[in-house]
1. Listed highest first by mean packing, meaning other Cβ atoms within 10 Å per residue, what order do 71-84, 135-148, 107-120, 206-219 come in?
2. Points 7 angstrom from Cα along the Cβ direction at D143 and R131: gap in nanometres?
3. Report the FRET efficiency, 1/(1 + (r/R0)^6), for S82 and E158, where r is their Cβ-Cβ distance and R0 is 41 Å, rounded to 0.05.
4. Taking a spot 7 Å from the Cα of E194 along the direction of its beta carbon, which residues of region 139-179 have an amide N less than 19 Å from it?
5. Pairs K90/K128; K128/K148; K42/K106; K90/K140; K71/K113: which exceed 19 Å Cα-Cα?
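FYI, it's all coordinate maths here, none of it is from the lab. The model shown is predicted, which means the values in this text are computed figures rather than measured ones. Cβ coordinates were reconstructed from backbone atoms using ideal geometry, including for glycine residues, and neighbour counts include every protein chain displayed.
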Amino acid sequence: MKKWIVYLLSVVMLAGCETQDAVHNIKEETKKILVTQMFKPKDVQYVALGDSLTEGVGDEAENEGYVGRLKTDMETWQGVRSVTIHNEAKKGRRSDQLIDQLQSGKLDDTLRKANIITLTIGGNDLMKIVREHITELKKKDFDKGRPKFQQRYETIMEMIRERNPIAPIILIGVYNPLTIFTKEESEMNTIMDEWNSDIRGFADDDPYAVFVNVEDLFDTNANLVYHTDFFHPNARGYDQMTARIIETLEEENLKKLSQGQFDFQEDSIDE
């Protein structure tokens, strides 16, 4: 059994409960309760936020991209009875538009009840810069837009956490589809590294978040991972994304849980 699932199922028991007391280190008694309760069959609420990657654009298998595949895998986890997807993503969505969506209040109840959240955002922010400077595109244009993206991403994380302080958030990085047309190193490689580093930083700052790097999965089309638009993943590409997500969850759990970085509230455990 994946060790990350132990954490996730524990958090499932906590989600939806109001936070009243300050978070403190878990006690041995609480650990026993969590281990006992995580085996109770649970209906998991999965909220997916972001852009076309989360919407599943390009998936000719019509399996909702990585979201549908992750749902299928989660339903094999011990203690999970079912997984209900709330896919609120939209093709072309940028970080400022996601903020507008969150500010509308329409997702407040959905996020409050979420047991797990995934997020892809940033690709369209990058493409907006490309379109605005297409005739003379330089790295300084991305450097100028980067602090604004950082601020918006921080706002997104804060807004999610205001509605749900403890649900695990899977932050999926950006990739550069232009690499399939050239093997030469370019400034775009540096730009992707920098923007992914920013997203990773937000995951590192949140004890219940994890960063998933997918950049290397799409730096070539040798494995035929691209849709015919050569921008979005195809079914095989989404297969690889899902496998990377699951692999990263296992690795992050081993790193974080073994160091005791996760705290729980005893009085938030579902009976």
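1. Per-residue Cβ counts within 10 Å, averaged per peptide and sorted highest first, yield 107-120, 206-219, 71-84, 135-148.
2. Spacing of the two 7 Å Cα→Cβ label points: 2.6 nm.
3. Step by step, r from the Cβ atoms, then E = 0.85.
4. 139-154, 173-179
5. Those over the limit are K42/K106; K90/K140.
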